[in-house]
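Worksheet: one structure, shown below.
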Amino acid sequence: MVKEIERAGIPVVHVCTVVPISLTVGANRIVPAIAIPHPLGNPQLDEKEEKKLRRKLVEKALKALQTEVDGQTVFED
Amino acid sequence: MSKIRVVHYINQFFAGIGGEEKADIPPEVRDGVVGPGMALNKAFKDEAEIVATVICGDSYFNENLEKAKDEVLKMIKEHNPDLFIAGPAFNAGRYGTACGTVAKLVKDELNIPVLAAMYPENPGVDMYKKDLYIVETGNSAAAMRKAVPAMAKLALKLAKGEEIGSPAEEGYIARGVRVNLFLDKRGSERAVDMMVKKLKGEDFTTEYPMPDFDNVPPNPAVKDMSKAKVALVTSGGIVPKGNPDHIESSSASKYGKYDIDGVMDLTAETYETAHGGYDPVYANENADRVLPVDVMRDLEKEGVIGELHRYFYTTTGNGTSVANAKKFAAEFAQELVADGVDAVILTST
């Protein structure tokens, strides 16, 4: 799906836990997520901390979207 | 001659430990066969025997990759195998990548023949087909009966160091290896034959298929995020409570488009996941963990992004064919363009 969105001309960032799959699928901007059943959350944190964590990931995703890339790029910390 | 010693790798599901709720179990090793190993052992006749089975949860393996690799390799090594087999993983993505990763690791570190088995669309295939013999299977465990004899046959050949035939003969997925061979007709003749067939509209088989790369170059970055319209898309199956369009929990044949105008937060009362490929507890409790609507609303209010697009698109990425996923996205990407969306955040579980 990532590739088809990119093909349509819209920059897209893939936030996902299993980065090797994202690379195989052909995503160009990749942000590694937390865990498979809760990519943008962590149920062990209290609600406020969890939302903070989620915000950090979304901000990272937005930063990736504002970064020019030549090819497949994984945005680590 | 003593029997060939085989170590077998399977996931928590095929070990009978549990489904997605057990996908986070760390690796363990058991003596002898577990689950599908039984059928493999039988197919080996008396030539080989599974001496140990290593089991690991699919989520554990992929989330703790380096640690899991070390642990699993140690367990395999302890049993001194002559041959290593992983799977079959069918179309289970995380299981397939785990099988491929372990098989490659064993091949490199222990220098013994290895074998995996998967459905051609499993992401583990593209990652490892160049390095490994991967027997082609159907897309679900229903294909086990067909997979086992093909695996056993190729495994024995590999263990005995026998010559391996072409992918079509042996039933493995083409690795892109070119082999020299002699034919009766010379190249020019064969090329002209193919050309004539092509002109007549007849079927012909190329001797050198072109690889299908199909990479899409990245689009330019968003210049001004504070004016951008950003859309959310997910393969994590987030849907309004009750799954009104009945998106399938696996092998999805459709996607959903849902209006989130005025929705500030996804709650347990209003949204859930339809995905059958991961433990749904956390997403059902709070779907923002998969589709971050709450945070996007905050960022919208603060002016970090221009606006959150009023629709999100969703499907379940669980065993869904590449052809379907491609079709879904090709369709809704046009809508996103028409709606003036500047950027997309796609989340996957």
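The values are calculated or read from the model by the stated rules, or taken from the named source; none is laboratory data. Everything quoted here is computed from the prediction, not taken from an experiment. Reconstructed Cβ throughout: ideal geometry from the backbone, glycine too, with neighbour counts over all protein chains shown.
When you check B:V179 against the structure, is it loosely packed, with under 11 Cβ neighbours inside 10 Å and aliphatic (A, V, I, L, M), yes or no?
Yes; evaluated as a whole, the condition is true for this residue.
I'd like to check something: does the range B:238-253 contain any residue that is over 22 Å from A:A61 (Cβ atoms), among the acidic types (D, E) and in contact with a strand residue (DSSP E or B) (Cβ under 6 Å, 6 or more places away or on another chain)?
Yes.
Only one of B:N91, B:N62 is part of a helix (DSSP H, G or I) and either in contact (Cβ under 8 Å) with a residue 60 or more places away in the chain or closer than 30 Å to B:T320 by Cβ (or both). Can you tell me which?
Checking each option against the conditions leaves just B:N62.
Could you check, for the range B:159-173, whether at least one of its residues is under 30 Å from A:I5 (Cα atoms) and either surrounded by 14 or more Cβ atoms within 10 Å (Cβ to Cβ) or not assigned by TED's automatic domain parsing to the domain that holds B:G93 (or both)? If you could, list the steps in order and put the result at the bottom.
Taking the range B:159-173 as the starting set, the residues that turn out to be under 30 Å from A:I5 (Cα atoms) are B:173.
Then keep just the ones that are either surrounded by 14 or more Cβ atoms within 10 Å (Cβ to Cβ) or not assigned by TED's automatic domain parsing to the domain that holds B:G93 (or both); that gives B:173.
Looking through the range B:159-173, at least one residue is under 30 Å from A:I5 (Cα atoms) and either surrounded by 14 or more Cβ atoms within 10 Å (Cβ to Cβ) or not assigned by TED's automatic domain parsing to the domain that holds B:G93 (or both).
Quickly run through the range B:151-169 and pick out the residues that are in a helix (DSSP H, G or I) and in contact with a Phe, Trp or Tyr (Cβ under 8 Å, 6 or more places away or on another chain).
Restricting attention to the range B:151-169, the residues satisfying the condition of being in a helix (DSSP H, G or I) are B:151-159, B:167-169.
Within the range B:151-169, B:A152, B:L154, B:A155, B:L156, B:L158 meet the criteria.
Every residue in the range B:201-223 that is over 30 Å from A:L65 (Cα atoms) and modelled with pLDDT of 95 or more, please.
None; the set is empty.
Looking at B:E285, B:E269, which one is surrounded by fewer than 16 Cβ atoms within 10 Å (Cβ to Cβ), farther than 22 Å from B:S321 by Cα and either facing chain A (nearest Cβ under 9 Å) or hydroxyl-bearing (S, T, Y) (or both)?
Step by step, each of B:E285, B:E269 is checked, and only B:E285 is surrounded by fewer than 16 Cβ atoms within 10 Å (Cβ to Cβ), farther than 22 Å from B:S321 by Cα and either facing chain A (nearest Cβ under 9 Å) or hydroxyl-bearing (S, T, Y) (or both).
Consider B:K223 against the criteria (1) more than 11 Å from chain A (Cβ to nearest Cβ); (2) among the basic types (K, R); (3) out of contact with any Gly (no Cβ under 8 Å at 6 or more places or on another chain): it satisfies all of them except one. Which criterion is unmet?
Of everything listed in (1) more than 11 Å from chain A (Cβ to nearest Cβ); (2) among the basic types (K, R); (3) out of contact with any Gly (no Cβ under 8 Å at 6 or more places or on another chain), B:K223 misses just condition (1).
Hand me the list of strands (runs of 3 or more DSSP E) wholly inside the range B:211-292 holding 2 or more residues that are farther than 24 Å from B:G340 by Cα.
The strands (runs of 3 or more DSSP E) meeting that bar are B:271-273.
The rows are residues; the columns are (1) among the hydroxyl-bearing types (S, T, Y); (2) closer than 24 Å to A:V18 by Cβ; (3) more than 10 Å from chain A (Cβ to nearest Cβ).
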{"position": "B:I247", "(1), (2), (3)": "no, yes, yes"}
{"position": "B:D259", "(1), (2), (3)": "no, no, yes"}
{"position": "B:M264", "(1), (2), (3)": "no, no, yes"}
{"position": "B:D279", "(1), (2), (3)": "no, yes, no"}
{"position": "B:D298", "(1), (2), (3)": "no, no, no"}
{"position": "B:G306", "(1), (2), (3)": "no, no, yes"}
{"position": "B:R310", "(1), (2), (3)": "no, no, yes"}
{"position": "B:T316", "(1), (2), (3)": "yes, yes, yes"}
{"position": "B:L336", "(1), (2), (3)": "no, no, no"}
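Yes or no, residue by residue, for (1) without any contact (Cβ under 8 Å) to a residue 60 or more places away in the chain; (2) of a type in the set (D, E); (3) within 7 Å of chain B (Cβ to nearest Cβ):
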residue	(1), (2), (3)
A:N42	yes, no, no
A:D46	yes, yes, no
A:R54	yes, no, yes
A:L57	yes, no, no
